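Read the structure below first, then the notes.
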Amino acid sequence: MENPLQSPAASPSPEPRRRSRLLRRVLLALVLLAGALGAALLSLPAPRPVTRAPAPAPAPAPGPAPRAMALTAVSTGVPASLPGLAALIAERERHLRAQPRDARAWAVLGAAYVEQGRRTADAANCPKAEDALRTSLRLRPEENPRALEGLAAPANERRDFSAARSRGEEALDLEPRRWTTYPLLIDAYAGLGDHEAAQRTLDELLKLHRSPAVRAKAAAVHWDRGRCEDAAAQLSDAVASATSPAEQAAYLEQPGRIAFERGDREEALRHFDEALRLDPGRRAAMAGRGRTLAALGRTAEALTAYQQALAEQPDPEHAL
């Protein structure tokens, strides 16, 4: 008798055949799909090699030449370039972190701060300069005419002409032939309205030393006393014998102002343009250019020149 619970061995089920056909179809579909993908990939353009953009090169630090020129400038009372001053200040600050008792380095740093402040009209430079110079004087209270002379400069800048005169005279008492002190004293006497003392000091200076810086100071004294032709002649000599672009630009700026005051606007503009060609950071020349352009009726150019001057040197007079 047949057992109803046992499957008949002689008649296999159709299920495995259906699974086999389904598997063959799936495999065929996969083969076709792979072929299609391969053809599509072969039709794509070859990938470009990945290249990294080079890292931007660091800005080159001002080399020893601008720093050395700035050191010479601040030591001899002549104009220095802004990049050179920045390099000198950075170098002196690094040195003083390692050698904080170097009185001479503190005096140089103070003088550099004064010149940088004069160029940029940054009020923060004056107290920094005085701190550095007082530190020099504290470290070397005797025989330190460099620090005393240095303290006369920020005093002149903040228009404390009495203090500038006192410091300058102290420096000359220690070193009467230190010619770089005389221009600071001339400024102090002129600021106090003592033009006779300013002239006497100039006469003594001219006996000691003649250089472009001294000629420029002589021109300022002549101008204050109404001797315009003498001032122009001294400045012409100063420009011709200047030894650096920054110094030459400073001395060109002054005849530009003289030409403007005499009513020769075109000549003034030539001087200011040449000063800016030599030293693009000389914002006083840029402001002088703006003033001259305004007087020539070139208003749009004048406003641009003043805006450029104010961007770097926020002088209230230029803003007005």
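Every read-out reported here was derived from the displayed coordinates using simple, explicitly stated rules and does not represent laboratory data. Please read all numbers here as calculations on a predicted model, not as lab measurements. Positions of Cβ are backbone-derived with ideal geometry, glycine not excepted, and every protein chain shown enters the neighbour counts.
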| task | Could I have the simple spin-label model distance between residue 134 and residue 98, label points 7 Å from Cα toward Cβ, reported in nm to one decimal? | result | 2.9
| message | At a 10 Å Cβ-Cβ cut-off, how would you order 207, 217, fewest neighbours first? | response | 207, 217
| task | Please get the size of the charge dipole for the range 112-229, origin at its Cα centre, with Cβ charges of +1 on Lys and Arg and -1 on Asp and Glu, quoted in debye to the nearest 20. | result | 300
| note | Packing-ranked peptide list from 121-130, 233-242, highest mean Cβ count within 10 angstrom first, is 233-242, 121-130
| Taking the highest mean first, how do the peptides 69-79, 104-114 order by number of other beta carbon atoms within 10 angstrom per residue? | 104-114, 69-79
| Considering only the other residues whose Cβ falls under 11 Å of the Cβ of residue 216, what net charge follows from Lys and Arg at +1 and Asp and Glu at -1? | -1
| remark: Expected unfolding gain across residue 208-residue 228 under the 0.36 nm per residue rule, minus the alpha-carbon gap, is 4.8 nm
| task | Once you have the Cα-Cα distance between residue 294 and residue 243, take 0.36 nm times their residue separation minus that, and quote the gain in nm to one decimal. | result | 15.1 nm
| message | Below 12 angstrom from the Cβ of residue 180, what's the summed charge of the other residues (Lys, Arg +1; Asp, Glu -1)? | response | +2
